[in-house]
Structure formats: structure tokens, C-alpha cells
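As C-alpha cells, the structure follows; a few thoughts come after it.
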Amino acid sequence: MNIGILGSPKAIESQWLEEEGKKRGHKVIRLSSSEFSFQVNNNKFKVISQYNLDNIDIFLVRGIWRSYFVDNIYFNKSTESLLILRYINDVLKKPIVDERLVKKPILMSKMATSLDLAKLNLPTPKTFQFINKKQVFENIYQIPYPLIIKNPAGRKGKNIYKIDNKDDLIKFLEKMPNLFPFLFQEFLKSDGDIRVLVVGYKAIGAMKRFLVPGDFRANISQGAKAEKYNLTDEVIELAEKSARITETEFAGVDLIESNKKFYVIEVNRSPQFRGFRKYTKVDPSPFIIDYLENKAKK
């Protein structure tokens, strides 16, 4: 079988997946979105690539370009990524993981995840998203304190702020531009979070990430320590339901236990797993290749 890994070709996770695929006799090609161009000729749409995409049996989407600037001109790169996926799905008729990327618009937003989780009434923190500062001030007494302010498309614990009270929020807003599409999320007191990896809607393991000393974040990329977490039935059910309702075939589901209750914080699509592999001693690569093999057969 020929497997195409689309996005993040230099990431160690992509290398591990390639190694696992080759062990089983598969050919694995790591592809970057930046390598593709497009053309329409005689009413036929084509993706220009050095690779023959038609020879690839299934595609695993690891990363999607979001945006970039050229001479201060903004380009929405996710549109081009969607074009590639639509071409693979609509023209080549090849299976894709995650399949939802071609069934639904690409929404790089944590609020979109909240919309899906609400369908099953899964426990999540109180969350607001405002478009500008005027809306924030109009709702300033409705916002729970302390709170976390985060970029709705953020990653690796970046661009996240903790605000303790209304006065601190006002000072924070004074430094920000009027256009302000950030998330305002209830701060849940805990000693860290739980990252559950879910492949094909089945939980394969979990790690507990502890808060960075002197910080409120528990991201390994920010220096947090972690250890293996023994899955319970409750955590498995929450993680698997979260992955399924968001249609995330390979998910990193983040949970927090606060006041003896679990909350779903995020569902991360195609997460990094170097930290997970280190602390749990579970390699997700065989599970992912298993899932690709079974999906390609179907």
C-alpha cells in the first residue's frame, strides 16, 4: 500500500510513521502543502506535483498551512490546503484521515470544537468569544473570574493569558487592538491536565501533564513535566465521545479534573506525540498505521 503523509514532513512523528509503514512493506511518502500548485486547462482541474498522487492509496493529514505574509500581504493558506484535499477526495476518490476535513469547512477554531461538544452535552468550561472590545465591556460582568484568554486557533500553549479579575481585564484590553476575536474561558483550578490519544475513536493511552512551576499552563512545549496516566472508564468515555462527535479520527483530547469533575478542554486534530511516547511508553505509530490499513481496505 502507498501512504501519503500530508503536512509536517520534517516532524519526528512523520518520520516514525514512515518507519512503521515501511516495516509492514508499505511505501510512505511525506508531502508538504508548499510543494503543490494548481492549474485549470480545457476545463480540467489539476494539482501540479512532482509526485503522482493517483498512485497513493490513502492520505494522512498531519498539518495544514494556516496563513503567511509576503511583503506584508496576507494569504490564507488553509484555502490552498482545502483545495488539495478536495482534489484528492473529489477527483482522485482517495480516502483521507481526517475525513471531516473534506466533509466540512476547515475551521481552525477552538469554539468550533465547543459547538460540537455541546451537541452531546459534554462537560466543558464556560467560554465566550467576542469580536471586538466593545462586546467585551458590554459583557464584562458575565465573564467568570479568574479566566483564561486564548487565541481560538492557538497551539502549544502560545498566546494564552490568565486574568484574575475585572480590573486586570480592563488593563489587558487597553493594550489590545479593537478587533479582538479571542476566547474567554473559565479558569478551572487543577494541578495539570490529561492528554488522551484516540485513534479511530478508541483511546490508546493517556498522560498527565503537570503545571509548569510558576505558570498556569501544562504544555510540554512550555516545559511541563508529565507521567503515564491510568485510563478510567469515565475518562475513556469522555475522550472517545469527544473524538467521535468532532469526527476527529486521530485526536489528542485534553481533559482537566477540577473539584472532582472532568471537563473537556480541547480536541486536537493529529497531535504531536513525542511527549506521549516518552512518558507512556506507548508508540501511537502502529495504531495509526493499523487504522490506515483498515480504512484503505474499506
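None of the figures in this text is laboratory data; all of them are computed from the coordinates on show. The model shown is predicted, which means the values in this text are computed figures rather than measured ones. We place every Cβ from the backbone using ideal geometry, glycine too, and count neighbours over all the protein chains shown.
Mind checking which of Pro177, Pro146, Pro95 has the largest fluctuation in a GNM of the chain, springs on alpha carbons under 10 Å?
Pro177
Would you please classify the overall shape of the chain from the alpha carbon gyration tensor, given that a ≥ b ≥ c denote the square roots of the eigenvalues, rounded means a/c under 1.5, and beyond that prolate means a/b larger than b/c while oblate covers the rest?
Cα axes put the chain in the oblate bin.
Going by amide H atoms built from the backbone, whose H comes under 5 Å of the H on Ile265, apart from near neighbours?
The list, which skips near neighbours in sequence, is Asp254, Leu255, Ile256.
What distance in nm lies between label points placed 7 Å from Cα along the C-beta direction at Leu83 and Gln129?
That separation, rounded to one decimal, is 2.5 nm.
For region 2-103, just say rounded, prolate or oblate: build the C-alpha gyration tensor, square-root its eigenvalues into a ≥ b ≥ c, call rounded for a/c under 1.5, and beyond that prolate if a/b exceeds b/c, oblate if not.
Here region 2-103 falls in the oblate category.
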